[in-house]
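The values are calculated or read from the model by the stated rules, or taken from the named source; none is laboratory data. What you are looking at is a predicted structure, and each value in this text was computed from that prediction instead of being measured. No Cβ is skipped: glycine too gets one built from the backbone with ideal geometry, and neighbour counts run over all protein chains shown.
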Amino acid sequence: MSQIGIGIVGGGYMGKAHSVAFASVGAVFETRLKPRLAAIAASSIASAERYAKAFGIDRAAQDWHDLVSDPAVDAVVIASPQSTHLEIAKAALALGKPVLCEKPMGLDVAEARAMVAAARTAGVANMVAYNYIRTPASQYVRQLLAEGALGRITGFRCVHDEDFHIAQKTPAWRCEGDANGCLGDLAPHAINAALALMGPIAELNAIIETVYPDRNGIPVTNDDQVQMMVRFDSGVMGHISASRVATGRKMGYAYEITGTDGAIRFDQEDQNAIWLYRKDDSDGQKGFRKILTGPDHPDYLPFCQGAGHGTGYQDQIIIEAHDFLTAIDTGQAVWPTFEAGLEVHQVIAAARASDASRSWQSPSAF
């Protein structure tokens with residue numbers, strides 16, 4: 001057993017989630033590396049002190065510079081706004097400290113590419129925090145696809161729909177800046193899922209829309225939803241969409257995969273199950289069957305010994321923490337690395353270019 005000091009930059013929603021995850025992961029997964037919450041930095045020292053006390057962290061750092069340079073901090077978790085990611089990651093990596101960065105990386109392709117370069121030079125573990133694809137159910141789907149359980153894949157659809165932006169009170173910061181729009185905030189999860197399940201995207205055609213130009217007197221200058229037709233490198237045709245104004249959807253991250261021998265449906269609002277159709281079932285039993293996740297599925301058993309009992313949102317972050325510790329401990333990259341995060345940014349850039357030019361675009365060109 002070896003201790004590892006974790007420094008967390010950002011103490012809000014995700015800062016708390018990562019603090020809980022790293023406080024729990026050593027016991028849940030019985031990891032060889034045992035995390036110690038060494039320091040936290042926030043928007044002010046007063047906020048950092050409050051978070052340190054609330055989350056059981058050793059000390060409050062004056063700012064992220066203080067945290068990154070602290071000898072007690074061996075690895076850094078970035079859970080602050082996108083505009084800060086590049087500078088913090090470069091500083092941590094320059095000191096040889098592994099970095100887990102909240103999604104998406106930086107503000108644009110250029111910043112993501114700079115983070116990839118810094119990680120390559122440092123040669124240490126680096127990951128982007130895409131948590132939804134880590135559910136035991138979605139990990140099982142990836143296994144089924146790798147085994148060829150659906151035959152030749154013929155179609156793919158993925159959505160990430162929520163309705164938080166039609167609430168009566170909308171924070172002003174959500175209404176401006178590309179990073180805070182749907183394509184910068186929600187869509188990356190759907191894009192990440194598409195890349196994880198189907199591989200690289202060869203080309204796409206996108207439409208981006210602002211549905212509500214005014215939110216309770218606040219002008220909205222970024223996008224509310226996006227639709228993309230895509231063609232994967234494999235030749236498979238697909239569709240990716242995301243909306244922050246999809247009335248009634250709370251965690252509408254869902255996908256459907258169709259193959260010559262079967263099909264799969266998954267919805268994050270029912271994250272402990274997949275629906276599987278097999279073409280070769282007898283005529284009297286044809287139809288989608290619900291498979292509940294259990295100890296036989298990836299990363300489920302450390303949480304519970306009973307099938308159908310289920311895992312939740314916080315457990316996804318604990319799985320993420322486990323993957324990060326594994327990458328540090330073994331020296332082997334664990335997906336999604338910064339390079340995988342760059343792929344998401346390239347798709348976002350291609351979508352923006354497609355919408356502006358009303359043309360098909362290739363993410364590899366960005």
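Give me a count of the residues in the range 170-189 that are in contact with a His (Cβ under 9 Å, 6 or more places away or on another chain) and not in a helix (DSSP H, G or I).
1
I need the full set of residues from the range 66-115 which are part of a helix (DSSP H, G or I), surrounded by fewer than 22 Cβ atoms within 10 Å (Cβ to Cβ) and either in contact with a strand residue (DSSP E or B) (Cβ under 9 Å, 6 or more places away or on another chain) or among the β-branched types (Val, Ile, Thr) (or both), in order please.
Asp66, Thr84, Ala91, Val109
Could we say that Val77 is in the same structural domain as Ala118 (by TED's automatic domain parsing), of a type in the set (Val, Ile, Thr) and within 25 Å of Ala117 (Cβ to Cβ) here?
yes
Consider only pairs whose beta carbons are under 6 Å apart and that are at least six residues apart or on different chains; among these, list those whose first residue lies in the range 102-115 and is in the same structural domain as Glu87 (by TED's automatic domain parsing) and whose second residue is hydroxyl-bearing (Ser, Thr, Tyr) and not in a helix (DSSP H, G or I).
Filtered contacts from the range 102-115: Lys103/Tyr130.
Would you mind stating whether Ser80 is of a type in the set (Gly, Ala, Ser) and free of Cβ contacts under 8 Å to residues at least 40 places away in the same chain?
Spelling it out, it is not the case that Ser80 is of a type in the set (Gly, Ala, Ser) and free of Cβ contacts under 8 Å to residues at least 40 places away in the same chain.
For the range 332-343, does any single residue satisfy the condition of being surrounded by fewer than 17 Cβ atoms within 10 Å (Cβ to Cβ) and within 30 Å of Gly248 (Cα to Cα)?
Taking every residue of the range 332-343 in turn, none turns out to be surrounded by fewer than 17 Cβ atoms within 10 Å (Cβ to Cβ) and within 30 Å of Gly248 (Cα to Cα).
Is it the case that Lys250 is touching a strand residue (DSSP E or B) at 6+ places or on another chain (Cβ under 7 Å) and of a type in the set (D, E, K, R)?
No.
Could you tell me which of the residues Leu204, Leu186 is more than 16 Å from Ala254 (Cα to Cα), buried (at least 21 other Cβ atoms within 10 Å of the Cβ) and modelled with pLDDT of 90 or more?
Among Leu204, Leu186, only Leu204 is more than 16 Å from Ala254 (Cα to Cα), buried (at least 21 other Cβ atoms within 10 Å of the Cβ) and modelled with pLDDT of 90 or more.
How about the range 227-328: which strands (runs of 3 or more DSSP E) wholly inside it have at least 1 residues that are touching a His at 6+ places or on another chain (Cβ under 8 Å)?
237-243, 252-259
Show the residue pairs that are 6+ apart or on different chains and have beta-carbon atoms under 7 Å apart, the first residue being within the range 162-173 and in contact (Cβ under 8 Å) with a residue 60 or more places away in the chain, the second being of a type in the set (Gly, Ala, Ser).
Sorted first by the residue in the range 162-173, then by its partner, the pairs are Glu162/Ala246; Glu162/Gly252; Asp163/Ala246; Asp163/Gly248.
Restricting the search to the range 35-47, which residues are surrounded by fewer than 19 Cβ atoms within 10 Å (Cβ to Cβ) and either of a type in the set (S, T, N, Q) or in contact (Cβ under 8 Å) with a residue 40 or more places away in the chain (or both)?
Ser43, Ser44, Ser47
Could you check the range 57-72 and list, in sequence order, the residues that are under 18 Å from Ala46 (Cα atoms), touching a Gly at 6+ places or on another chain (Cβ under 9 Å) and of a type in the set (D, E, K, R)?
Within the range 57-72, just Asp58 meets the criteria.
Among the residues of the range 278-301, how many are out of contact with any Pro (no Cβ under 6 Å at 6 or more places or on another chain) and without any contact (Cβ under 8 Å) to a residue 12 or more places away in the chain?
8
Just to be sure I understand, how many residues within the range 206-223 are in a loop (DSSP other than H, G, I, E, B) and out of contact with any strand residue (DSSP E or B) (no Cβ under 6 Å at 6 or more places or on another chain)?
Of the residues in that region, 9 qualify.
Rundown of residues vs (1) touching a residue at least 40 places away in the same chain (Cβ under 8 Å); (2) assigned to a loop (DSSP other than H, G, I, E, B); (3) farther than 22 Å from His85 by Cβ; (4) out of contact with any Ser or Thr (no Cβ under 8 Å at 6 or more places or on another chain), yes/no style:
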| residue | (1), (2), (3), (4) |
| --- | --- |
| Lys16 | no, no, no, yes |
| Val20 | yes, no, no, yes |
| Ala23 | no, no, yes, yes |
| Ala27 | no, no, yes, yes |
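Restricting the search to the range 10-34, which residues are buried (at least 24 other Cβ atoms within 10 Å of the Cβ), within 28 Å of Pro295 (Cβ to Cβ) and either touching a Lys or Arg at 6+ places or on another chain (Cβ under 6 Å) or not β-branched (Val, Ile, Thr) (or both)?
His18, Ser19, Ala21, Phe22
For the range 332-366: of the residues being farther than 17 Å from Glu111 by Cα and part of a helix (DSSP H, G or I), which is farthest from the chain's Cα centre (by Cα)?
Among those that are farther than 17 Å from Glu111 by Cα and part of a helix (DSSP H, G or I), it is Ser357.
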